[in-house]
Amino acid sequence: MFRPFEKISRTTFLTLVALEAIVFLSLWQSLPAGLIPSPLKIGEGLGGLITSSLLWDNVLVSLVLTLKALFFSVLITLLFSYLSVVPFFRPIAQFIIKCRYLTLTGLIFIFTLLTRDGSQLKLSLLVFGIVPFFTTSFMSVILQTNAQEFELCQTLGYTRWQCLYEVIIVGKADQVFEIVRQNFAIAWMMITMVEGLSMSEGGIGTLLIKYNKYNDLVHVIALQTVIFGLGLFFDYLLGILRHWFFPYTKL
Amino acid sequence: MTIYSRGETLLQVKDLSLYYDNKCILCDINFSIDDIIRPGIQQGQVVSVIGRSGIGKTQLFRTLSGLQQPDKGQILVRASQDTTPFKAPSLRTGLPWTLRPVHAGDMGVIFQNYYQFGWRTIEQSLRLAAHRNKTLKGMENDAIKEYAAQFGLSDVLKRYPRQLSGGQQQRVSIIQQLLKGSDFLLLDEPFSGLDVCVLDKVVSLLLKVSLSHEFKTLIIVSHDIPTAVAISDTVFILGKKDGQEGSTIVRTIDLMERGLAWEKNVAERKEFAETIREIKLCL
């Protein structure tokens, strides 16, 4: 267990995770009381949050917004990534990739001018933040495509457009799920920021900002735990969906 | 001695040269493959291109398949009747034909690692090929089932390539290209890494394919001299001539002329051993 590259079973791994978590929480609990709340207090706060409709209403608002943003981001990413194999469109895809170095600060005002309401503003900001990361990941998948995939397609007598359909659109469809899974965290991370811009509709980010404003660390960390748990759940769900839609990914 | 004659030219390589970083890799390659006619038999052609490792076999393979354009010269193939712009009557079939430059897709290509699309089941992959074959229109599924049964792959049609053994993958690649309906089948190192039992099966499989149509032409690029020679009717040796930078065809051996083609247990004959020795000396 302490040797490099040692293989362990899934059960052993899960036991390790549980044990290490228990050790960490025990150490945390044993620390002298201070500004940082103890795990038990956070647990109490979490219990209170979970049983309240306040949490679930706000989670729902955030989830709807995130899923909408993911949907539009995937559409835009796929469109420009697929087109990137056509030289004419490659500069556009390259520009989108480089946009990940941009910060939203300063651009928010432009987005405010371009959108009609707070809801649109949040959605467009999320999409603007997510698309460069999605495109970067998907473009890297396209660039790493085995040349033999195109060659086999060509030797079967398919045209270049048909090869694009078979090798990139059909062949890399499973990778779209993987990219969404890997980059879901970005959307989840940005939600707090964009929800803070228009708080009237609520959302998990709004809730977090409110708790943070009053230094309610118990609920801040409890809420972070919920966010963390939801993130893990979606990671797992997307993994399952990928295997379900594309059985060959399990092999 | 088996009676045979030569018919029309099916493939012609004219003054082919390929450069890499201004260095000639393949220089002035010239050869042609003719239709071999044997009375009473539907006899295809089996041609081997033999050469040492690193001599440029793969480059020649890619160029022949149309995946890579030569820097000089051209490769002409017998065009199917319905696509020929300038038609001339074939001596053999009476149907119009001509030679035209090769394009990717003209030849069935079987790569060394029998690559298949990992996201398609075997049946789906075969269907992709069958859909390209106009003569199979509406009968694609029947043709797939027939070939699968013939090649012992009926049980694996619903599986993915990763679930198949190397031998099964090779058979899938062969069927795929047969379903596509191309007269030419280009095989890159088809005997590499096979155990003796599988090797025998592959050899009989290729011979079976070569007998499936008069114009069916197998071009085997290999460094396994005895196996390649045992199933071929002609051998082209790719090597380097003195003072020449790149590789070229240094020798053509007509195995039919020597009575070494289409013979069972040919490998046991003295002439066969002599031919192998002769080839080795050319490498």
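What average count of beta carbons from other chains do you get within 10 Å of the Cβ of residues in B:155-164? Walk me through the numbers before you get to the answer.
Working: counts 0, 0, 0, 0, 2, 5, 2, 2, 2, 0.
Counting Cβ atoms of other protein chains within 10 Å of each residue's Cβ and averaging gives 1.
Under 8 Å for C-alpha pairs, at least 6 residues apart: give me the relative contact order for chain B, rounded to a whole percent. Walk me through the intermediate numbers first.
Values: 537 pairs, mean separation 67.5, N = 283.
Answer for chain B is 24 percent.
Using unit Cβ charges (K, R positive; D, E negative) and no other charged atoms, how large, in debye to the nearest 20, is the dipole of segment A:39-250 about its Cα centre?
On the way: 14 positive and 12 negative charges, 65 e Å.
Using only the charged Cβ atoms, the result is roughly 320 debye.
Charges only on Cβ, +1 for Lys and Arg, -1 for Asp and Glu: so what's the dipole of segment A:1-117 about the Cα centre, in debye to the nearest 20?
My answer is approximately 480 debye.
Take chain B, connect every pair of alpha-carbon atoms lying under 10 Å apart with a spring to form a Gaussian network, then pick out the residue of B:Gly54, B:Gly40, B:Gly166 with the largest mean-square fluctuation.
B:Gly40
For segment A:39-250, what is the relative contact order in percent, using Cα pairs closer than 8 Å and at least 6 residues apart in sequence? If you can, show how the numbers build up before the last one.
Values: 192 pairs, mean separation 62.6, N = 212.
Taking the mean separation of contacting Cα pairs over the length of segment A:39-250, I get 30 percent.
Between A:Phe72 and A:Leu251, 0.36 nm times their residue separation minus their Cα-Cα distance comes to what?
Working: separation 179, 0.36 × 179 = 64.44 nm, distance 3.05 nm.
Length gained between A:Phe72 and A:Leu251: 61.4 nm.
Please give the length that would be gained between B:Leu207 and B:Ala273 if that part of the chain were fully extended, namely 0.36 nm times their separation in residues minus their C-alpha to C-alpha distance (nm, one decimal). Write out the running numbers ahead of the final one.
On the way: separation 66, 0.36 × 66 = 23.76 nm, distance 2.07 nm.
Contour length minus Cα-Cα distance gives 21.7 nm.
Once you've got the Cα coordinates, tell me which of B:Lys57/B:Lys270; B:Lys180/B:Lys208; B:Lys14/B:Lys264; B:Lys137/B:Lys208; A:Lys250/B:Lys201; B:Lys14/B:Lys57 are over 22 Å apart.
Values: B:Lys57/B:Lys270 28 Å; B:Lys180/B:Lys208 17 Å; B:Lys14/B:Lys264 34 Å; B:Lys137/B:Lys208 24 Å; A:Lys250/B:Lys201 31 Å; B:Lys14/B:Lys57 17 Å.
Exceeds cut-off: B:Lys57/B:Lys270; B:Lys14/B:Lys264; B:Lys137/B:Lys208; A:Lys250/B:Lys201.
Nearest 500 deg cm²/dmol is fine: what mean residue ellipticity at 222 nm does chain A get from its DSSP H runs of n ≥ 4 alone, each adding -39,500 (n - 2.57), divided by its residue count? Intermediate results must be reported in sequence, preceding the final value.
Working: 11 runs with 181 residues, N = 251.
Rounded to the nearest 500, it is -24000 deg cm²/dmol.
So how much slack lies between B:Thr58 and B:Gln244, counting 0.36 nm per residue of separation and subtracting their Cα-Cα distance, in nm?
Values: separation 186, 0.36 × 186 = 66.96 nm, distance 1.92 nm.
Taking B:Thr58 through B:Gln244 to full extension adds about 65.0 nm, to one decimal.
For chains B and A, what's the summed buried accessible area, probe 1.4 Å, to the nearest 100 square angstrom?
In total, chains B and A hide about 2100 Å² from solvent.
Using a probe of 1.4 angstrom, how much of the accessible area of the protein assembly as shown is carbon and sulfur, in percent? Mind showing how you got there, number by number?
Numbers: 16850 of 27870 Å².
Exposed carbon and sulfur together represent 60 percent of the surface.
How well do other chains shield peptide A:154-167, expressed as the mean number of their Cβ atoms within 10 Å of each residue Cβ? Could the numbers behind the result be given before it?
Values: counts 7, 17, 16, 14, 6, 1, 1, 0, 2, 1, 0, 0, 4, 2.
Neighbouring Cβ atoms belonging to other protein chains average 5 per residue here.
Sort A:109-122, A:166-179 by packing, meaning the average of other beta carbons within 10 Å per residue, with the highest value first.
Details: A:109-122: 13.8, A:166-179: 19.4.
Highest-to-lowest ranking by the protection proxy: A:166-179, A:109-122.
Can you tell which of A:Thr15, A:Thr77, A:Thr103 shows the greatest fluctuation in a Gaussian network model of chain A with Cα springs below 10 Å?
Comparing A:Thr15, A:Thr77, A:Thr103 in the GNM, the peak value goes to A:Thr15.
Would you mind checking segment A:134-150 for residues with the amide N under 17 Å from a putative spin-label position 7 Å along Cα→C-beta of A:Met189?
The answer is A:134-138.
Given R₀ = 41 Å, FRET efficiency for A:Gln94-A:Thr115 by Cβ-Cβ distance, to 0.05?
On the way: r = 26 Å, r/R0 = 0.64.
It comes to 0.95.
Along each of the three principal axes of the Cα atoms of chain A, give the extent in whole Å, ordering the values from largest to smallest.
71, 56, 30
Net charge near A:Gly203: determine it from the other residues with C-beta under 14 Å of the C-beta of A:Gly203, scoring Lys and Arg +1 and Asp and Glu -1.
On the way: positive: A:Lys68, A:Lys122, A:Lys210; negative: A:Asp57, A:Glu195, A:Glu201.
Around A:Gly203, the charge tally is 0.
Which order do you get for B:Met107, A:Met190 if you rank them by accessible area with a 1.4 Å probe, largest at the top? Working shown, then result.
On the way: B:Met107 0, A:Met190 20 Å².
Putting B:Met107, A:Met190 in descending order of accessible area: A:Met190, B:Met107.
So what is the diffusion coefficient of the protein assembly as shown in µm² per second by Stokes-Einstein at 10 °C and 1.306 mPa s, using a Kirkwood Rh over Cα pairs? Intermediate values should be presented prior to the final figure.
Working: Rh = 28.2 Å.
For the chosen part, D equals 56 µm²/s.
Provide a whole-number value for the mean count of partner chain Cβ atoms within 10 Å of the Cβ atoms in peptide B:111-122. Before the final figure, lay out the partial values.
Numbers: counts 4, 1, 1, 0, 5, 3, 10, 7, 12, 4, 2, 0.
Whole-number average of other-chain Cβ neighbours for B:111-122 is 4.
Going by average Cβ density within 10 Å per residue, which order do the peptides A:129-142, A:31-44 take, highest to lowest? Write down the numbers at each step before the final one.
Values: A:129-142: 21.4, A:31-44: 12.9.
Taking the mean over residues of other Cβ atoms within 10 Å, the ranking is A:129-142, A:31-44.
Comparing B:Asp155, B:Asp254, B:Asp242, which has the greatest mean-square fluctuation in the GNM of chain B with Cα pairs linked when under 10 Å apart?
Of B:Asp155, B:Asp254, B:Asp242, the most mobile in the Gaussian network model is B:Asp242.
Which of B:Thr234, B:Gln42, B:Ile276 sits farthest toward the positive end of the charge dipole of chain B, with +1 on the Cβ of Lys and Arg and -1 on the Cβ of Asp and Glu?
So the residue furthest toward the plus end is B:Gln42.
Rg and Dmax of segment A:1-147, Cα atoms, in Å?
When restricted to the Cα atoms of segment A:1-147, Rg and Dmax are 22.6, 63 Å.
Using helices alone, I'd like the mean residue ellipticity at 222 nm for chain B: each DSSP H run of four-plus residues gives -39500 (n - 2.57), total over residue count, nearest 500. Before the final figure, lay out the partial values.
Details: 7 runs with 79 residues, N = 283.
Rounded to the nearest 500, the figure is -8500 deg cm²/dmol.
For segment A:167-251, what mean projected area does the convex hull of the alpha carbons give, in nm²? Mind dumping the intermediate values first?
Values: hull surface 27.9 nm².
Convex hull of Cα atoms, orientation-averaged projection: 7.0 nm².
So how much accessible area does B:Glu278 have, in Å² to the nearest 10, using a 1.4 Å probe?
Surface accessible to solvent at B:Glu278 totals approximately 40 Å².
What are the ³J(HN,Hα) values, in whole Hz, obtained from phi via the Karplus relation 6.51 cos²θ - 1.76 cosθ + 1.60 with θ = phi - 60°, for each residue of segment A:61-69 in sequence order, with x given for Gly and Pro?
Going residue by residue, I get 4, 5, 5, 4, 5, 5, 5, 4, 4 Hz, with x marking Gly and Pro.
Once you put a point 7 Å from the Cα of A:Ser9 and another 7 Å from the Cα of B:Glu257, both along the Cβ direction, what distance in nm separates them?
Output for this residue pair reads 6.9 nm.
Taking the alpha-carbon centroid of each part, what is the distance from segment A:32-106 to segment A:108-132 in angstrom?
With segment A:32-106 and segment A:108-132 each reduced to a Cα centre, they are spaced 13 Å.
Per-residue counts of other Cβ atoms within 10 Å, averaged by peptide: what ranking do you get for A:2-10, A:68-76, highest first?
Values: A:2-10: 6.0, A:68-76: 17.7.
The densest-packed peptide leads the list: A:68-76, A:2-10.
Can you tell me what share of the DSSP beta bridges in chain B is antiparallel? A percent to the nearest 5 is fine.
Working: 28 of 49 bridges.
If we restrict to bridges inside chain B, about 55 percent are antiparallel.
Name the cysteines of chain A that stand alone by the Cβ rule: no other cysteine Cβ under 4.7 angstrom.
Lacking a cysteine Cβ partner under 4.7 Å: A:Cys99.
The values are calculated or read from the model by the stated rules, or taken from the named source; none is laboratory data. Bear in mind that the values here come from a model prediction, so they are computed numbers and not experimental data. Every residue, glycine among them, receives a Cβ derived from its backbone with ideal geometry; neighbour counts consider all protein chains shown. Heavy atoms of the whole protein, side chains included, go into the accessibility calculation; ligands, DNA and RNA do not. Shrake-Rupley method; radii C 1.70, N 1.55, O 1.52, S 1.80 Å.
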